[in-house]
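The values are calculated or read from the model by the stated rules, or taken from the named source; none is laboratory data. Just so you know, these numbers come straight off a predicted model, no measurement behind them. Note that each Cβ is placed from the backbone with ideal geometry, even for glycine, and that neighbours are counted across all protein chains shown. These accessible areas exclude ligands, DNA and RNA; they are computed on the full protein's heavy atoms, side chains included. Shrake-Rupley method; radii C 1.70, N 1.55, O 1.52, S 1.80 Å.
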Amino acid sequence: MSTASVFAPRPLALGTALLCLTLSSQAQTASTAPSQTAATADPAAALTAAPSAAGSTEHLGRVQLTGNPLRSQQLTQANSALSGDELSLRRASSLGETLDGLPGVAASYFGPNSNRPTIRGLDGDRVRMLSNSGASVDASSLSFDHAVPTDPLVIDRVEVLRGAAALLYGGNAIGGVVNTLDNRIPKAMQPGLSGAAEVRFGGPAQERNGAVVLDGGVGSGSQGWAWHADLAGRRASNQSAPRFTADGESATEVRNSAARSHGGAVGGSYIFAQGYAGLSLEDYHNDYGVTVEPDVQIQMQRQRAATAGEWRFAPGSGAAELLRRVSWNASSSRYQHQEVEGSGEVGTVFKNRGKDLRLELEHAPLGPSAAVKGMLGLQMERSDFSAIGAEALVPSSQTRSSAVFLLEQYAAGPLTLEAGARAESVRVNSAGDAADAEEPRFGAASSLRFKPRSLSLSGSYRLSEAFSLNAQVNSSQRAPMFYELHAQGVHVASGAYERGDVNLGLERAKGVDFGLEWKQAENFVRLNLYRTRFASYIALDATGEEFEDEGERFPVYAFKSVSAVLTGFELEGHWHLPAQLLPGTQFAVSATLDGVRGHNRQTGEPLPRLAPLRASLALDANQGPWTARAEWRLSARQNRVPALDHATAGYGVLKLSLSRQLRIGNNEALWYLKLDNVGNQLAYSASSVATIRELSPLPGRSLHTGLQLRF
């Protein structure tokens, strides 16, 4: 069971802590692992999360499930996962900022509130955002100033697939996948009562956060009912920064960057020997300022109902001769946000109603030695999107997609091979201009159909006990999004007039990924090399034209298909130093280095918003209940930018943290203190869109503390 850790008003934060203490004193059962996730609860998964005794650090097995539906011991695709204490100490105000700095992962960084993860230089609808492996319905890919409706303080675990995952999750995963996991639909029995609570204060925006999470159940053995409830919130002021100049004025805080959010969820499952079946309901609100428009606030709400379940067939039963398991995941979401002017007038309202269904059938092992495992999957999604108001640059639209995919795996000794295929059908319907439109822009109603296809072949080979190789080749296709087809209007977030193209075809890419890993006990070194070549890359390129609106002139950008290539590498390592350095203290060193280059093959111009060469070096020290960490993050100067952008200076940022495992009564607790950007270094993100970069530098020096109680 993980800790959620967000919050808003101070009285409610104090109430949360008091409630946690009261409940913990009444708990009659031993506490569970503090970060047991949906993946942990799955009996078929190898992930284990042992309760951390006071004076020890929580350790979690590194098992990736998002790209590993067959539960293989060796994953052939580059991946990262955050959970437990590691996630607690990395959490930031947005999901993109939380993941920024992982190998190959950066953030779009449109101020402190709107950050989508970018993977290997790809962002927007090339990175698939998932919630418990289901679709995350929002409007974040349409515009940089639209936030992802996920608060990183309430999730148990984040899994990241780097590189094309279109085979399993569709064309929108052509660059990778980010999957957030929680326990809102329990997968295992949780007898009695357990839970966690957390309060956090400080940071560059003087945050006041808190949350409480409860899990329980009734039953005996492996059968009964399990339930979950969580309540969380966050309040933040304008983000502080080193002194900088924006719009000709000197400032030490990012204007209009304050935020307030709150949310909660309930869920339950029936657990039985062969699996589980459950559902959950959640409601999330987020009100935040838009830095590029100093008088505009976005008021967001997402409501989501989800169901998930799994049936595992017992060996020896009749059905087990054909099937190993059947699992499903379905959700229905209602998303809306309205952009409110300083006068209180609502400018533009965005709505997205979405439904998705995912069904997986894993067949029984085949062959003389049962060396072949595989699965057949079905995925269906629908989205009804509308934007009404002054800044509506797209027409109302409907997107319908359905797909079938097949994955087969062969394992023999040190060799594992995987092959798969996916066939999709996508229909994009545009409502066109309203009948009473004063200035028609979108034309008549239309319907466009696309049929993306994806193929993948990958393998891993264990050279020895310490060394292993993995490689993947893939061919992925993505249907253009409704805004790439039909956009027609001024986009304030990008400071441009954007024009879609209804004649766009499929985005097509072929990629190669090669990895080498050395691992002994907890020490490892991993190297990944990749190259992705787009025969058709849907780019937003300048046309050289200008558009005048109410006396203001905007450059015109058009979506068009170009040939492009991306090449990069990721290197990461972790070493435990000899115990003789300081008796009683364990030291470990971690390091990362990554870089990506991409360009338009027709013009030679660099692709926009690519992160520069980045490196990090960290030293961890553990002595009894205390853990200290010093991390130095480096970013090189980014000179390779498109003609209408400008270079971003390099920087180095030092981060320090101190944490202590505690016992409060019979319950475990974690106290932590974080000091970020110790040198108060002024820095800007090269992966930000140019209109926001100078207005919103990265956070300045800040102190953040929190207390997490597990019972």
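Would you kindly identify the strands (runs of 3 or more DSSP E) lying entirely within the stretch 434-545 that contain at least 3 residues that are more than 21 Å from Leu610 (Cβ to Cβ)?
Details: elements: 446-450, 453-462, 467-478, 488-491, 496-499, 507-520.
The qualifying strands (runs of 3 or more DSSP E) are 446-450, 453-462, 467-478, 488-491, 507-520.
So the check is Cβ under 7 Å with 6+ separation or different chains; which pairs have a first residue in the stretch 105-129 that's more than 14 Å from Gly171 (Cβ to Cβ) and touching a residue at least 24 places away in the same chain (Cβ under 8 Å) and a second one that's open to solvent by 10 Å² or more (accessible area, probe 1.4 Å) and among the basic types (Lys, Arg)?
Ser108/Arg116; Asp123/Arg116; Asp123/Arg609
For Leu709, only one of the following conditions fails: (1) part of a strand (DSSP E or B); (2) surrounded by fewer than 20 Cβ atoms within 10 Å (Cβ to Cβ); (3) at pLDDT below 95. What is its number?
Here Leu709 clears every test but (2).
Restricting to the stretch 442-452, and then to whatever is buried (at least 16 other Cβ atoms within 10 Å of the Cβ) and in contact with a Leu (Cβ under 9 Å, 6 or more places away or on another chain), can you tell me which residue is modelled with the lowest pLDDT?
Looking at the filtered set, the residue picked out is Ser446.
For Gly309, state whether it is farther than 30 Å from Asn256 by Cα and in a strand (DSSP E or B).
Working: farther than 30 Å from Asn256 by Cα: yes; in a strand (DSSP E or B): yes.
For Gly309, the condition - farther than 30 Å from Asn256 by Cα and in a strand (DSSP E or B) - is met.
Matching residues to (1) open to solvent by 30 Å² or more (accessible area, probe 1.4 Å); (2) in contact (Cβ under 8 Å) with a residue 12 or more places away in the chain; (3) not aliphatic (A, V, I, L, M):
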| site | (1), (2), (3) |
| --- | --- |
| Trp575 | yes, yes, yes |
| Leu581 | yes, no, no |
| Thr585 | no, yes, yes |
| Ala647 | yes, no, no |
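Of the residues that make up the stretch 662-669, is at least one over 30 Å from Asp85 (Cα atoms), of a type in the set (A, V, I, L, M) and out of contact with any Asp or Glu (no Cβ under 9 Å at 6 or more places or on another chain)?
Looking through the stretch 662-669, none of the residues is over 30 Å from Asp85 (Cα atoms), of a type in the set (A, V, I, L, M) and out of contact with any Asp or Glu (no Cβ under 9 Å at 6 or more places or on another chain).
Quick one: is Thr291 more than 20 Å from the chain's Cα centre (by Cα), under 30 Å from Gln338 (Cα atoms), crowded, with 16+ Cβ neighbours inside 10 Å and modelled with pLDDT of 95 or more?
Against the criterion (more than 20 Å from the chain's Cα centre (by Cα), under 30 Å from Gln338 (Cα atoms), crowded, with 16+ Cβ neighbours inside 10 Å and modelled with pLDDT of 95 or more), Thr291 does not qualify.
Can you tell me which residue is nearest to Ala147 (Cα to Cα) among those in the stretch 325-357 that are basic (Lys, Arg) and open to solvent by 20 Å² or more (accessible area, probe 1.4 Å)? Lay out the reasoning, then the answer.
Filtering the stretch 325-357 for residues basic (Lys, Arg) gives 325, 334, 351, 353, 355.
Pick out the ones that are also open to solvent by 20 Å² or more (accessible area, probe 1.4 Å) and you get 334, 351, 353, 355.
Numbers: Arg334: 15, Lys351: 14, Arg353: 17, Lys355: 20 Å.
Checking each candidate, the answer is Lys351.
I'd like to check something: does the stretch 206-219 contain any residue that is surrounded by fewer than 16 Cβ atoms within 10 Å (Cβ to Cβ) and assigned to a strand (DSSP E or B)?
yes
Search the stretch 294-324 for residues being more than 24 Å from Asp384 (Cβ to Cβ) and in contact (Cβ under 8 Å) with a residue 60 or more places away in the chain, and hand back the single one that is most open to solvent (accessible area, probe 1.4 Å). Write out each step before concluding.
First, pick out the residues of the stretch 294-324 that are more than 24 Å from Asp384 (Cβ to Cβ): 294-297, 309-324.
Imposing the further condition that a residue be in contact (Cβ under 8 Å) with a residue 60 or more places away in the chain reduces the set to 310, 312.
Details: Glu310: 12, Arg312: 52 Å².
My answer is Arg312.
Going by the structure shown, is Leu130 outside any loop (DSSP other than H, G, I, E, B) and surrounded by fewer than 24 Cβ atoms within 10 Å (Cβ to Cβ)?
Values: outside any loop (DSSP other than H, G, I, E, B): yes; surrounded by fewer than 24 Cβ atoms within 10 Å (Cβ to Cβ): yes.
Considered against the rule, which asks whether it is outside any loop (DSSP other than H, G, I, E, B) and surrounded by fewer than 24 Cβ atoms within 10 Å (Cβ to Cβ), Leu130 comes out as yes.
Here's a check for you: in the stretch 362-378, which residue that is open to solvent by 20 Å² or more (accessible area, probe 1.4 Å) and either in contact with a Pro (Cβ under 6 Å, 6 or more places away or on another chain) or not in a loop (DSSP other than H, G, I, E, B) (or both) is nearest to Phe482 (Cα to Cα)?
Leu378
Based on what the data block shows, is Glu550 over 30 Å from Thr705 (Cβ atoms) and open to solvent by 70 Å² or more (accessible area, probe 1.4 Å)?
Numbers: over 30 Å from Thr705 (Cβ atoms): yes; open to solvent by 70 Å² or more (accessible area, probe 1.4 Å): yes.
Criteria met by Glu550.
Can you work out which of the residues in the stretch 508-540 that are buried (at least 17 other Cβ atoms within 10 Å of the Cβ) and polar (S, T, N, Q) is farthest from Pro578 (Cα to Cα)?
It comes out as Ser536.
Looking at the stretch 166-186, is at least one residue over 11 Å from the mean Cα position of the chain (by Cα) and of a type in the set (Asp, Glu)?
Restricting attention to the stretch 166-186, the residues satisfying the condition of being over 11 Å from the mean Cα position of the chain (by Cα) are 166-175, 182-186.
So of that shortlist, the ones also of a type in the set (Asp, Glu) come out as 182.
Yes - at least one qualifying residue is present in the stretch 166-186.
Does the stretch 261-278 contain at least one residue that is over 21 Å from the mean Cα position of the chain (by Cα), in contact (Cβ under 8 Å) with a residue 40 or more places away in the chain, surrounded by fewer than 20 Cβ atoms within 10 Å (Cβ to Cβ) and not in a strand (DSSP E or B)?
Taking every residue of the stretch 261-278 in turn, at least one turns out to be over 21 Å from the mean Cα position of the chain (by Cα), in contact (Cβ under 8 Å) with a residue 40 or more places away in the chain, surrounded by fewer than 20 Cβ atoms within 10 Å (Cβ to Cβ) and not in a strand (DSSP E or B).
For the condition of a type in the set (A, V, I, L, M), open to solvent by less than 10 Å² (accessible area, probe 1.4 Å) and without any contact (Cβ under 8 Å) to a residue 60 or more places away in the chain, what is the one hit in Ala232, Ala226?
Details: Ala232 fails: without any contact (Cβ under 8 Å) to a residue 60 or more places away in the chain.
Among Ala232, Ala226, only Ala226 is of a type in the set (A, V, I, L, M), open to solvent by less than 10 Å² (accessible area, probe 1.4 Å) and without any contact (Cβ under 8 Å) to a residue 60 or more places away in the chain.
Do we find a residue being open to solvent by 10 Å² or more (accessible area, probe 1.4 Å), at negative phi and assigned to a strand (DSSP E or B) anywhere in the stretch 171-186?
yes
What residue, of Glu381, Glu391, is under 30 Å from Arg499 (Cα atoms), outside any strand (DSSP E or B) and either touching a residue at least 12 places away in the same chain (Cβ under 8 Å) or of a type outside the set (D, E, K, R) (or both)? Walk me through it before giving the result.
Values: Glu381 fails: outside any strand (DSSP E or B).
Result: Glu391 is the single residue among Glu381, Glu391 that is under 30 Å from Arg499 (Cα atoms), outside any strand (DSSP E or B) and either touching a residue at least 12 places away in the same chain (Cβ under 8 Å) or of a type outside the set (D, E, K, R) (or both).
Across the stretch 246-260, what is the number of residues that are touching a residue at least 60 places away in the same chain (Cβ under 8 Å) and open to solvent by 60 Å² or more (accessible area, probe 1.4 Å)? So that I can check it myself, show each step before the final result.
To start, the set of residues in the stretch 246-260 that are touching a residue at least 60 places away in the same chain (Cβ under 8 Å) comprises 246-247, 252, 254-255, 257, 259-260.
Those still in the list that are open to solvent by 60 Å² or more (accessible area, probe 1.4 Å) too: 247, 252, 255, 260.
Counting residues in the stretch 246-260 that are touching a residue at least 60 places away in the same chain (Cβ under 8 Å) and open to solvent by 60 Å² or more (accessible area, probe 1.4 Å) gives 4.
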